[in-house]
1. Which order do peptides 8-17, 24-33 fall in by mean Cβ count within 10 Å, highest first?
2. Using the C-alpha atoms of the range 2-59, what convex hull volume per residue, in cubic angstrom, is computed?
3. Divide by every residue of the chain the summed helix terms, -39500 (n - 2.57) for each DSSP H run of at least 4, and state the resulting mean residue ellipticity at 222 nm, rounded to the nearest 500 deg cm²/dmol.
4. Subtract the Cα-Cα distance of K21 and F41 from 0.36 nm times their separation in residues, and report this length gain in nm to one decimal.
5. State the number of lysine pairs found in the chain whose Cα atoms come within less than 25 Å, restricting to pairs 8 or more positions apart or on distinct chains.
6. Taking the Cα centre of each part, how many Å lie between the range 1-21 and the range 24-65?
Amino acid sequence: MWLKIEKELMRQKTSVYRLAKNTGISATTLQNYKNGIEPSFKNMCKIADALDVSLDYFREKERKQ
């Protein structure tokens with residue numbers, strides 16, 4: 001899940017710090033997600049809204065090129 005969040009952050013040229021500010025989720029909590037902790041549904045909704053993507057975006061499997 002974190003890889004997709006990180007990919008979207010890079011695409012939008014924004015930072016984890018900015019995501020924390022926009023979602024109200026602490027940077028420490030976001031770091032936990034990076035370390036493999038699964039986010040709650042509520043926090044995933046906040047992240048999707050802040051990144052302006054659908055929740056389905058995070059559920060889609062990556063396609064191999």
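Since every read-out is calculated from the coordinates, none of them should be taken as a lab result. Keep in mind the model is a prediction, meaning the values are calculated, not measured. So basically every Cβ, Gly included, is an ideal-geometry build from the backbone, and we count neighbours across all protein chains shown.
1. Working: 8-17: 12.9, 24-33: 14.5.
Ranked from most to least packed, the peptides come out as 24-33, 8-17.
2. On the way: hull volume 4.1 nm³, N = 58.
Convex hull volume per residue, Cα atoms: 71 Å³.
3. Computed ellipticity for the chain at 222 nm equals -17500 deg cm²/dmol.
4. Values: separation 20, 0.36 × 20 = 7.20 nm, distance 1.84 nm.
In short, 5.4 nm is gained.
5. 28
6. If you average the Cα positions of each part, the centres end up 9 Å apart.
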